[in-house]
Every structure is written in structure tokens, then in C-alpha cells.
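The structure appears right after this line, and notes come after that.
What follows draws every value from the coordinates through simple rules; no lab data is involved. Given the structure is predicted, the values throughout are model-derived calculations rather than measurements. Glycine also receives a Cβ, built like all others from the backbone with ideal geometry; neighbour counts cover every protein chain displayed.
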2 protein chains.
Amino acid sequence: MTDFAATRALFHLPEGVIYLDGNSLGPVPKAAPARVTQAVQAEWGEMLITAWNKAGWMEMPARLGDRIGRLIGAPEGTVVLGDTLSIKVYQALASALEMRPGRKVILSDSGNFPTDLYMAQGLIASLGQGHELRTVAPEDVAANITEDVAVLMLTEVDYRTGRLHDMAALTAQAHAAGALTIWDLAHSAGAIPVDVTAARADFAVGCTYKYLNSGPGGPAFIYVAPDHADVRPALSGWLGHEAPFAFDPAYRPGTGIARMRVGTPPVLQMAALEAALDIWDGVDMAAIRARSIELSEAFIARVEAACPTLTLASPRDATRRGSQVSFRHPHGYAIMQALISRGVIGDFRAPDILRFGFTPLYLTPEDVTQATEILSEIMENDLWDRPEYKHRAAVT
Amino acid sequence: MTDFAATRALFHLPEGVIYLDGNSLGPVPKAAPARVTQAVQAEWGEMLITAWNKAGWMEMPARLGDRIGRLIGAPEGTVVLGDTLSIKVYQALASALEMRPGRKVILSDSGNFPTDLYMAQGLIASLGQGHELRTVAPEDVAANITEDVAVLMLTEVDYRTGRLHDMAALTAQAHAAGALTIWDLAHSAGAIPVDVTAARADFAVGCTYKYLNSGPGGPAFIYVAPDHADVRPALSGWLGHEAPFAFDPAYRPGTGIARMRVGTPPVLQMAALEAALDIWDGVDMAAIRARSIELSEAFIARVEAACPTLTLASPRDATRRGSQVSFRHPHGYAIMQALISRGVIGDFRAPDILRFGFTPLYLTPEDVTQATEILSEIMENDLWDRPEYKHRAAVT
């Protein structure tokens, strides 16, 4: 059983803030500043170039990858860090399409995060081989897994609604139809129990700065099922080479997941991630899930009771949701600004979604109660209806 | 005129170290630890998700890109940060090949850094369109710019020998033959004067952790000539979208260089880079070049006088070199280990290259004299001939 009072004490949370946006950017683990400073001063500063060996930088992508692997049911040696999630989607997709040369359809859904769709669109245009990105409604995915599908590419938890796909069932169905699967775990890793092995996922990708709390722009990760360890890496960078420091003119892929490495990894970001994973190492994902459901159910009940004009956009059944809850309102943007100005930080997703993330490591039932009270007050008194809350910044 | 005593005082250099490997990983700018801590604590810690706007994180790739642009002769709005150099090579190459659909040859040379060649090999295999990577000796490049070349892809300064290509002449020749150019500035940016505009380079890419001193795994940069601002981005990630936060299902490229952004940028690494660029902003590249030649000429003269068994691997003509000097020796690895154990840090490149970088911002003539004295002592007394210097670590 995870002690949530203890884990909360391991995070820095600003005074007066209730943070319901850990699904977008997790807060600072208290150990992170010192760990990053160590990387900057003791490692980079004192060891200089020799730190790639002496401080173990070169092995960090694999070492930290294994620690993330534990959270998603991946065996050792099947997860590696690097790049951004967009790049990792591209990398998985380019490899997967090659494994199904006779098929031309990438099946996804409208609940996928746009960058996944964009990267697929870009790859399709580059390949010029007549591939098609077929994007259906989330509820229609199962019915569209046809024999022409090369790859089923989905984000397990919808970034807007929190709707949770059944990874095992859809993967089984994809395999039965001869297709491969790529699962984006951006809103799953550290949010809900994931078992890529049991689900028989072929590829999985994810990011570390949301529920895993690695900090802004932390590296992404990629999982490749052991069965596909001999996949050809489309992004064949030198650190995925069998012998990077032999400087051979010809690329020869490294063994297993090592071949999914590309370029020089971001050491300072990895140092912050390392501090974050020190917290995760002691955490039981089943306990996280139970607490997340407790928090989000309480939130829904209170909001629905007090704010009748807010419409639940997430599945009502907690087992069909990830670790976030969304409500719709035509003035969602202004309402979120009013919340943020009162210290309740969630986020807004166009056109009308108010999104709230539930992160048991540092969020308490008292936080949830207080957040709903502030939201109720805003809604009851139309406190969102002020010009300064309606003016949209370029980036939201 | 740049005051090198003043710039040296802006770097932390470990006690007892003469650092001749700033061409691999630059040292810590003294302002970097505080700037990174600010990003971690004051920005990430206190502003949380709102820092993307409030702390200006979202605009950092373009803002810092412009500051690098000044060092390479690129106009504002033509350079952007992100990803690794390997990814940026791939991005430039995928776009460039599309701009020359009738041609199938990528011309490069054996002095190119292997990852550039590897990324090209991976792209060619993915495309399956019969492209060919033609790799010739550096001195044979000009003679091989034939009418079937789609893209001339070169690293301006050879990572092993320091040999410098004539960017303007080769680009002009490539253009006359109807080819595009991609210049890798990994060993050029911050090392020598570069003018991508005058040279009429089509694409340029580079890294920031060598001469620019951004720290381990700092982000890469990409330049696209204004004439090609409408290039189709092959890596079409959400932050290159015209309106990333509209979450449209279809990719529409942003204006100009913005479209070369892909995923969420590494904020902590960019913070370190920002501190490094504060130093570069005041620097005159002509003064850097003059000082670099002074230092490297002195080094060559002293080494050749004192160490007859070391053979110069770099061009003797300083105007044909970048900012590094390499010597060959059959026991190069052991010699470099002996040097490092005595505080002189250079690096070894297989099979027999001892490589020394000259970085005027923090390297003095006295450092050079002292380094050559230590090297002479090692060579005169065969001090490298010890078992502990011959045992190669997995990573060197």
C-alpha cells in the first residue's frame, strides 16, 4: 500500500495552489533541484566529457527506461528513453509499417492526440506509397479493424475526455486481423496500471513530464515487444548503432531496444527524471488507481451537485476513464482562467473542455473538496464573466 | 575585439585541468547553474504549467535560435532549436529529397560524422524509392557533384581531422548542378566564422553542446534558407503546426522556420543554453578565429618539435582547418589516457586519432604550452606504455 501523505511530502507545491494539471506537467519532486544541480556542477562541471562514462550518462536512457518499464509491465531491456513523444510515434510507425508491407491503412481515432496524427500524416507523405490514415470515432475503432489495417495506432487515454480504450481487447482484435499496434501511453504511464506484456502491445510510446513528473520537455520513451527486437530502426542514429564509437560508415543496429536510441540524450532532463523515478520506484500502481478513482468520483459528484451548467465530458464509469475528468461548458476558457486566478490550476482544451487531472502522489481529498468549492463559487456567481478571463493568450 | 581574459572568467574549469575537448562537450558557463535552478525552482516549481506562457518557455526555441543565427550568418526567423542533431539531419534531408523528386543521389563524404550517414541510410530504406548515398573521399567531393545529385550533405569541419570544406564554393557548385545542400555545423558553430546566407546554404543543422557550451544533450538547431520557407516538414509535429493549441485533426505547417519544430522542447537544457548564449552575444567570431589559429599553430609547432612520432592528421594550412588539431599515433588511445590522467583532456577517435579542440573563450596560450609540455613528457618517456592506459572502456 502506498502512503500518499509520504509521497505528497516529496513534491514541492506552491503555496495556495491546488494543482489539477499534473496530467499536463507534473510538479517538481523535492529531490529534483539537487539532482539537476549535481548533474550540472559535479558531473558536467567537474568531470566534463569524461562524465559520459564516469557519471553513467551514456547508460541513463536504458537504465531509466527499465524503471519506467516496471510501471507499464515491460520486461527489462525493452524500454529506452529519448527524443520527444512525436519522434517516438514516428519511429514506431515507420518501423511498424515496414513490417506490414502489403497493407496501407493506419487506423486511429479522433481521440488521439493531434501530434500522433500529424506525425503519421507527415510520414505518409514522405513515403509516397499510398498509405492512408483512417481516423474514426473512438467508439468505432473496434468495428474498423479490418484486414487492410497495417497498424492500429491509438492513445490509450483520450487527452480531452479521459476515455480509456481496452488495450488488451483492441490489440487482440488487431492481431487477429493481422495488424500491429502502437499504444501512446502519454496519459497512462503513472496514471493507471498498464501491462504492455499482458496486452501484447507491439509498440508503446509515452512521455515523462506528465504523471511521471520529469519536468518540462523531459524525454519520451519507447517500448518494443521482445518479439520485434529485430525491427529495422527507421531513425538510425549513432547511439542506436551496435558500436557507436567504432565510427563505422555503415549503420548496424544495436541489440534489442538499444537500436531505438537515436542521438545524444538530454542529460539534465534525465537527471530530473531520475529524481522523479526515485518516488515512483516505491509506488504500487493498483493503489494509485484506487485513490485516483476515489478522488475523481468525489470531484464529479460535487461538481454535478453544485454546478448544473457543467456537463460531464468523461465516461461516468470510472473503469472506463483514465486519471482525469473533463467537463464541457461554452465558456470553458473563461471559467478555467477564473479558477487559475484563484489557485486551482487545471487546463482548457478547445473548444469547450475544462480538464482536471487527478494525481494521487500529491493530491488529497481535501484538495478536491476545496477545488470544487472554488469552482462552485465561480459558477454560482458568474465570476468567470469578466473581460480579463475571456482574453485568450496565444498559448493556453 | 573580444576580451578573452574576461570570457575565460565566465566559465567554470576544474582545478588542474587543461580542457582541449570543448569541441566535444563545452564546459559549464558560471551562470548556467543558477539559470537552470531558476528554470527548475522559480519557473517549473512555482509557475507549473503556466510557465509555458509566463516564463516564455514556448518561445525559447525561436528566441534562442535567433541568437545562434547571429553566429552563423542566418537572418532572424530562420533558425529554430529542437531535438538532436541526428533528427535535424533527417528532417532536413527528408524535406530536401522531396524538393528534387527526379534525382536519387545523396552525395556525402567519408569525413562526415557517422550519424549523418546513418540517418540518411535509414531514410533511404524507409522511402524505398531507390535513393543512393554516395560517400566519397573529402577531396573528391567537388569532382562528384554531378547532375544526378539531389542533395549534397556535408559536415563543414571533419570531426576527426578538422579539415574545413569550402561551404560557399561547394554550395555554388551544387546549385549549378541543380542540387540542394545540407551543411552540418556541429564543429563550426562557435568555432569559426560561418555565413550561411553568403554561402547560400539551403539547410544547415548543428548542435549546441560543443563550442556553444549548452551542456550534455543540449538541443540541436536547424536553419532553412528563406527561399525554402515553404518546405514541407517531414517530421510534422504539433509544435510546428500553424495553431498547435487548436488541436485540429489535420496538420497545417506554421509560418517559416516554426514548421521545423516538432515536439515539446527540453526547457532545462534550453535554460543552460541561454546562459551560454549570454556569453556568445558579446563575441566577435573574427576574433575567435584569429585566436583559435594562434593557439592551434602554437600547439602544432610545439608538438611537432617535441614529439616526432606523432603525425599531424589535420591540414597544415590553418585556413583549411576548423578549430581542432588531430595527430595520429598507433598507440593514440593509450597516449590520450595518459594525458587525461595528467589533467590534459582531449579525446581519441578510432582507430588512431588524438583530437584536441581549441576554444578561445576559455583556453589560453599558457594552457597550450603546458599541455604540450605534458604531452612531450609522456612521449619522451613512453609514459603511455602502461596496462591501465591500454584497457579500453566500453565508451570512450
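The tail of the calculated P(r) for the protein assembly as shown beyond 55 Å holds 10 percent of all Cα-Cα pairs. Here is how far apart the B:SER376 label points are across copies: 8.4 nm, shortest first, using a point 7 Å from Cα toward Cβ.
With r as the distance between the Cβ atoms of B:THR319 and B:ASP230 and R0 = 41 Å, compute the FRET efficiency 1/(1 + (r/R0)^6) and round to 0.05. Each step should come with its number before you reach the end.
On the way: r = 37 Å, r/R0 = 0.89.
With a Förster radius of 41 Å, E is 0.65.
Across peptide B:84-95, the mean count of Cβ atoms from other chains lying within 10 Å of each residue's own Cβ comes to 5. Each part gets one Cα centre, and for region B:321-382 versus region A:236-292 those centres are 32 Å apart.
When the trypsin sites (Lys or Arg not before Pro) in region A:222-322 are filtered for DSSP coil states and for at most 16 other beta-carbon atoms within 10 Å of their beta-carbon, the remaining sites are A:ARG316.
Each residue, B:GLU297 and A:ALA246, gets one label point 7 Å from its Cα in the Cβ direction; the gap between the two is 4.2 nm. Please report the orientation-averaged projected area of region B:133-182, defined via the convex hull of its C-alpha atoms, in nm². Computed as one quarter of the Cα hull surface, the answer is 3.2 nm². Between this copy and the others, label points of B:ALA350 are 5.0 nm apart in ascending order, each placed 7 angstrom from Cα in the Cβ direction.
Averaging the Cα positions of each part gives two centres, and for region A:72-101 and region B:18-94 these lie 26 Å apart.
What is the fewest-to-most order of A:MET260, B:MET270 by other Cβ atoms lying within 10 Å of their Cβ? Don't skip to the answer; put the middle values down first.
Details: A:MET260 34, B:MET270 28.
Placing the least packed residue first, the sequence is B:MET270, A:MET260.
Using R₀ = 25 Å, calculate the FRET efficiency as 1/(1 + (r/R₀)^6) where r is the Cβ-Cβ separation of B:THR197 and B:GLU98; round to 0.05. Walk me through the intermediate numbers first.
On the way: r = 23 Å, r/R0 = 0.93.
It comes out at approximately 0.60.
In chain A the longest region clear of GluC sites (Glu not before Pro) that are loop-assigned by DSSP and have at most 15 other C-beta atoms within 10 Å covers A:243-396. Largest first, the three principal axis extents of the alpha carbons in region A:1-133 are 51, 43, 28 Å in whole numbers. Normalised by 2.2 N^0.38 Å, where N counts its residues, the alpha-carbon radius of gyration of region B:270-346 equals 1.37. Sorted from closest to farthest, the other copies place their A:GLU139 label points 7.3 nm away, with each point set 7 Å from Cα along Cα→Cβ.
Max-minus-min Cα coordinates of region B:57-164 on each principal axis give 41, 33, 22 Å, with the largest extent listed first.
Site pair B:ALA34 and A:SER341 shows an inter-label distance of 3.5 nm when each label is modelled 7 Å from Cα along Cα→Cβ.
So, R0 is 22 Å and r is the distance between the beta-carbons of B:GLU147 and B:ALA168; what FRET efficiency does that work out to, to 0.05? Here the calculated transfer efficiency is 0.60.
Taking every pair of alpha-carbon atoms in region A:255-396, give the share separated by more than 17 Å as a whole percent.
Details: 6631 of 10011 pairs.
Here the tail beyond 17 Å accounts for 66 percent of pairs.
Can you tell me, using C-alpha contacts under 8 Å and at least 6 residues apart, the relative contact order of region B:33-280 as a whole percent? Intermediate values should be presented prior to the final figure.
Values: 472 pairs, mean separation 56.8, N = 248.
Reported relative contact order: 23 percent.
Karplus-based coupling profile of region B:211-221, in residue order and whole Hz: 5, 7, 6, 7, x, x, x, x, x, 7, 9, with θ = phi - 60° in 6.51 cos²θ - 1.76 cosθ + 1.60 and x standing for Gly or Pro.
Translational diffusion coefficient, Stokes-Einstein: compute it for chain B using the Kirkwood radius over C-alpha pairs as Rh, at 10 °C and 1.306 mPa s, and state it as an integer in µm² s⁻¹.
Details: Rh = 21.9 Å.
So the translational diffusion coefficient is about 73 µm²/s.
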